[in-house]
Amino acid sequence: ALARTGRAFDLIFADPPYGQGDHIRVLSAVDAGRLLAEGGLLILEQGADESVAEHMGRLSLLRERRYGAARICFYARQEVQE
């Protein structure tokens, strides 16, 4: 729904359900919809035991921290050089 607005956001928080692979779907949707503005930050919470995607399209992992059963990942948009 957000992709249809044509807007890009400076800050996105996402906390999908753990253990269902939804964190990958969130990354893919944010990238495909170009929802994160250049210089923006995506903060994604996922299960600590779920795999961490270092890259998803134009999104790159900046850092990640584990807190008990949760992992917080910070992503930024990287422009592709042509």
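For residues that are in contact with a strand residue (DSSP E or B) (Cβ under 7 Å, 6 or more places away or on another chain) and in a loop (DSSP other than H, G, I, E, B), scanning just the stretch 67-82, find the one that is nearest to Pro16 (Cα to Cα). Working first, answer last.
Within the stretch 67-82, the first condition is being in contact with a strand residue (DSSP E or B) (Cβ under 7 Å, 6 or more places away or on another chain), and the residues that meet it are 69-79.
Add one more test, that the residue is in a loop (DSSP other than H, G, I, E, B), and what stays is 69, 78-79.
Working: Ala69: 14, Gln78: 23, Glu79: 26 Å.
Restricting to residues being in contact with a strand residue (DSSP E or B) (Cβ under 7 Å, 6 or more places away or on another chain) and in a loop (DSSP other than H, G, I, E, B), the top hit is Ala69.
Could we say that Glu64 is in a strand (DSSP E or B), surrounded by 14 or more Cβ atoms within 10 Å (Cβ to Cβ) and without any contact (Cβ under 8 Å) to a residue 24 or more places away in the chain here?
Working: in a strand (DSSP E or B): yes; surrounded by 14 or more Cβ atoms within 10 Å (Cβ to Cβ): yes; without any contact (Cβ under 8 Å) to a residue 24 or more places away in the chain: yes.
Yes: the conditions hold for Glu64.
Return yes when Asp10 is farther than 14 Å from Gln78 by Cα and either in contact (Cβ under 8 Å) with a residue 40 or more places away in the chain or more than 10 Å from the chain's Cα centre (by Cα) (or both) and no when it is not.
Spelling it out, it is not the case that Asp10 is farther than 14 Å from Gln78 by Cα and either in contact (Cβ under 8 Å) with a residue 40 or more places away in the chain or more than 10 Å from the chain's Cα centre (by Cα) (or both).
Only one of (1) of a type outside the set (Lys, Arg); (2) touching a strand residue (DSSP E or B) at 6+ places or on another chain (Cβ under 9 Å); (3) modelled with pLDDT under 95; (4) within 17 Å of Glu79 (Cα to Cα) is not met by Gly19, so which one is it?
It fails just one condition, (4).
Scan the stretch 12-61 for residues that are among the basic types (Lys, Arg) and not in a loop (DSSP other than H, G, I, E, B) and jot them down. Show your work before the answer.
Let us first name the residues in the stretch 12-61 that are among the basic types (Lys, Arg), namely 25, 34, 58.
Scanning the stretch 12-61 gives a single hit, Arg25.
Go through (1) at pLDDT 95 or above; (2) touching an Asp or Glu at 6+ places or on another chain (Cβ under 6 Å); (3) over 15 Å from Asp10 (Cα atoms) and name the single condition Gly57 misses.
Looking at each condition in turn, Gly57 falls short on (1).
For residues in the stretch 23-44 being surrounded by fewer than 17 Cβ atoms within 10 Å (Cβ to Cβ) and of a type in the set (D, E, K, R), which is farthest from Asp10 (Cα to Cα)?
Arg25
The values are calculated or read from the model by the stated rules, or taken from the named source; none is laboratory data. Bear in mind that the values here come from a model prediction, so they are computed numbers and not experimental data. Cβ atoms come from the backbone with ideal geometry, glycine included; neighbour counts cover every protein chain shown.
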